[in-house]
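Remarks on the structure that follows.
Any read-out appearing in this document is the output of simple, stated calculations on the displayed coordinates, not a laboratory observation. Quantities reported herein were computed from a predicted structural model and do not represent experimental measurements. Here the Cβ is made from the backbone with ideal geometry for all residues, glycine too, and neighbour counts use every protein chain on show.
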Amino acid sequence: MRIPSMSPRTASHRHRVLDDDAVLAQHGYPQELARRMGTFGNFAISISVICVLAGCMSLFGFGLAAGGPAVMLWSWVAVGAMVLLLGLSLADVTSAYPTSGGLYFMADRLGGPLAGWFTGWLNLMGLLGAIAGIDYGAATFAAAFASLQWGVEPTDSLKMIIFAVILLLHGGLNALGVRVVNVLNSISVWWQMGGVTLIVGALFLAPAGHQSPEWVFTHFNNDTGISSPLLVCLIGSLLAGYTFCGYDASSHLSEETRQAQYAAPRGIIRSIYVSWIAGFILLAGLLFSIQDYKGTQSSATGVPPAQIFIDVLGVPGAKLLLLVVIVAMLFCGNAEVAATARMVFAFSRDGALPFSATWRQVSSRTQTPVNGVWLAVGVAFLLALPALYSPVAYGAVTAINAVGMTPAYAIPVFLALRAGNRYQPGPWTLGRWRRPIGWIAVTYAAFITFVFCLPQTSPLTVQSMNYAGITLLVVLGLAWLMWLTRGRHNYRLPASRNTGHHTVLSQDVV
């Protein structure tokens with residue numbers, strides 16, 4: 001796939017073979033990681049992290065309750081369009097700052113250390129929450145498969161054991177180096193696209209009844225207890241909002257990508273629009289195939305899509321499709337660990353984490369931040385551990401994935417817009433479209449972050465409360481406390497060797 005040129009600047013630079021090490025040196029860093037990833041590999045890691053077979057499947061039951069088919073499909077179209085604009089804007093800034101630090105490095109260069117510090121902690125906590133959410137979701141689907149195959153009760157204890165095994169698997173694979181990660185991500189792209197095709201094709205070709213197009217595109221269902229249809233529609237849009245996270249992985253792997261100033265921005269954009277198309281097809285295929293709405297919602301497997309598979313294809317067919325989804329989730333979690341480990345490495349390199357000297361170490365054999373890999377999977381396990389005792393506590397922790405990541409995407413874009421002509425874009429740039437697209441993207445990010453924090457059911461109880469906003473405030477509070485006690489003394493980006501190219505604003509912006 002090719003992204004068309006967005007400006008004359010892009011076209012005029014296309015012939016140039018960029019010296020990636022020299023670009024990185026201009027930002028003040030030596031080349032420590034192995035550049036073994038090409039353009040396709042960079043795209044593959046972001047689409048693997050977004051993973052519509054993970055997000056759409058895990059949140060399908062939520063969508064059925066919060067607006068139903070009409071909201072699920074039309075909000076997917078609307079949110080996907082807005083995310084694409086945000087991705088385009090972030091791609092522009094990524095081209096100018098292609099480092100493993102990604103979002104926080106951009107924010108620091110454009111807004112000062114405090115902006116970089118808060119962006120970094122939002123990004124890091126979002127990444128860690130994503131690992132916990134993705135791999136625990138894979139464990140849930142694996143437990144559902146075990147229930148169908150062997151009659152095993154899918155208890156919370158069983159899910160936690162499977163979750164721990166998955167984390168160990170992902171830690172081990174990532175410790176082998178970026179070459180292995182790159183191969184797995186490349187396979188993941190075709191697995192996802194083939195999986196969507198197989199699932200939708202099997203459901204449509206099966207000799208079972210299908211819902212009408214009118215029902216699929218207009219049926220509204222509200223099981224939230226909230227009386228306002230508008231509010232329910234906003235809440236239902238979170239299926240798409242939660243799924244479209246993780247495309248910053250292309251930025252975090254930029255120090256391991258050849259011609260990163262082109263490849264990383266393209267990886268961000270391609271991952272979004274391919275996921276947008278594939279996700280719509282997947283959701284439509286599932287919705288057309290619903291046989292019993294209430295039965296799907298209350299499936300004994302605990303996984304509504306699994307009930308659709310059973311109703312349409314029978315238990316053997318359901319098992320096969322569940323395996324397809326589980327493998328896609330495993331690819332997704334593995335890619336998320338890779339991105340998080342690079343963020344840990346970069347943040348430690350700049351002195352932001354406790355024991356930074358340990359987490360920034362790179363294996364001499366694989367040129368991979370192995371310590372960062374194991375820190376990422378270890379913290380993810382601790383984040384999910386409360387699920388053994390309280391689903392509410394687990395939901396509160398993992399909610400920071402989307403509610404933390406989305407503002408972290410918007411902050412560098414906003415700071416680049418604020419810098420005006422002082423911001424010097426990289427060779428991949430939106431050109432004259434940068435400002436209008438950027439302001440729309442920032443406005444969307446602020447709005448969807450607000451939606452993430454809305455109550456999702458009524459009446460509100462301790463069990464049903466949406467803790468996303470509280471979790472966000474806790475993370476910001478802890479980040480502020482750590483800034484006062486550690487960050488302002490230890491956190492430093494290296495001096496740029498090309499000061500004319502970078503804009504450091506005097507004001508700190510959070």
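Expressed as cubic angstrom per residue, what is the convex hull volume of the alpha carbon set of the stretch 151-263?
Working: hull volume 26.6 nm³, N = 113.
Hull volume normalised by residue count: 235 Å³.
Compute the separation of the alpha-carbon centres of the stretch 65-140 and the stretch 376-415 and state it in Å as a whole number.
Between the Cα centres of the stretch 65-140 and the stretch 376-415 lies a distance of 12 Å.
Once the Cα atoms of helix 156-175 and of the chain are each reduced to a long axis, what angle between those two axes, in degrees from 0 to 90 to the nearest 10, is obtained?
With rounding to tens, the tilt is 30 degrees.
Extension gain residue 460-residue 150, at 0.36 nm per residue separation less the Cα-Cα distance, in nm?
Working: separation 310, 0.36 × 310 = 111.60 nm, distance 3.80 nm.
Stretched fully, the residue 460-residue 150 segment lengthens by 107.8 nm.
Helix 260-288: angle to the longest alpha-carbon principal axis of the chain, degrees 0 to 90, nearest 10?
Approximately 10 degrees, to the nearest 10.
Rounded to the nearest 500, what is the chain's calculated 222 nm mean residue ellipticity when only DSSP H runs of at least 4 contribute -39500 (n - 2.57) each, over all residues?
On the way: 23 runs with 347 residues, N = 510.
About -22500 deg cm²/dmol.
For the charge dipole of the chain, defined by +1 on Lys and Arg C-beta atoms and -1 on Asp and Glu C-beta atoms about the Cα centroid, which residue among 291, 30, 124 has the Cα displaced farthest towards the positive pole?
Towards the positive end, the residue furthest out is 30.
What percent do you get for the relative contact order of the stretch 36-490 when only Cα pairs under 8 Å and 6+ apart count? Present the calculation step by step, with values, prior to reporting the outcome.
Working: 813 pairs, mean separation 152.2, N = 455.
Computed value for the stretch 36-490: 33 percent relative contact order.
By counting other Cβ atoms within 10 Å of each Cβ, how are 248, 20 ranked from fewest to most?
The most exposed by this proxy come first: 20, 248.
Classify the stretch 287-362 as rounded, prolate or oblate, taking a ≥ b ≥ c as the square roots of the eigenvalues of its Cα gyration tensor: rounded when a/c is under 1.5, otherwise prolate if a/b is larger than b/c and oblate if not.
Working: a/c = 5.06, a/b = 3.41, b/c = 1.48.
Prolate is the answer for the stretch 287-362, as a/c is 1.5 or above and a/b outweighs b/c.
Work out from phi, with θ = phi - 60° and the Karplus expression 6.51 cos²θ - 1.76 cosθ + 1.60, the ³J(HN,Hα) of each residue of the stretch 329-334, listed in order in whole Hz, and give x for Gly and Pro.
Couplings: 5, 5, 4, 4, x, 5 Hz.
For a test of the definition: using alpha carbon positions, the gyration tensor, and the 1.5 limit on a/c, classify the stretch 5-147 as rounded, prolate or oblate. All intermediate terms of the calculation are to be shown ahead of the outcome.
Details: a/c = 1.99, a/b = 1.72, b/c = 1.15.
Cα axes put the stretch 5-147 in the prolate bin.
Neighbour counts of other C-beta atoms within 10 Å: give me 409, 262 arranged from fewest to most.
Values: 409 29, 262 23.
Placing the least packed residue first, the sequence is 262, 409.
About its Cα centre, what dipole magnitude does the chain give when the only charges are +1 on Lys and Arg Cβ and -1 on Asp and Glu Cβ, stated in debye to the nearest 20? Don't jump to the answer; show the numbers that get you there.
On the way: 27 positive and 19 negative charges, 315 e Å.
So the dipole magnitude of the chain works out to roughly 1520 debye.
Compute the angle between helix 178-205 and the longest alpha-carbon principal axis of the chain, please, reported from 0 to 90 degrees and rounded to the nearest 10.
Helix 178-205 sits roughly 30 degrees off the main axis of the chain.
Does the stretch 350-447 come out rounded, prolate or oblate, given a ≥ b ≥ c as the square roots of the eigenvalues of its C-alpha gyration tensor, rounded meaning a/c under 1.5 and, failing that, prolate meaning a/b above b/c? It would help to have the intermediate numbers written out before the result.
Numbers: a/c = 3.21, a/b = 1.42, b/c = 2.25.
Note, shape of the stretch 350-447 comes out oblate.
Enumerate the calculated ³J(HN,Hα) couplings along the stretch 465-472 in order (Karplus 6.51 cos²θ - 1.76 cosθ + 1.60, θ = phi - 60°), each rounded to whole Hz, writing x wherever the residue is Gly or Pro.
Karplus values, whole Hz, x for Gly and Pro: 5, 7, 9, 4, x, 5, 4, 4.
How much length would be gained if the chain were fully extended between residue 25 and residue 277, taking 0.36 nm per residue of separation minus their Cα-Cα distance, in nm to one decimal? Display every interim value, and only then the final one.
Values: separation 252, 0.36 × 252 = 90.72 nm, distance 3.79 nm.
My answer for the length gained is 86.9 nm.
Considering the chain, which cysteines have no disulfide-compatible partner, defined as another cysteine with its Cβ under 4.7 Å away?
Unpaired cysteines in the chain: 56, 233, 245, 453.
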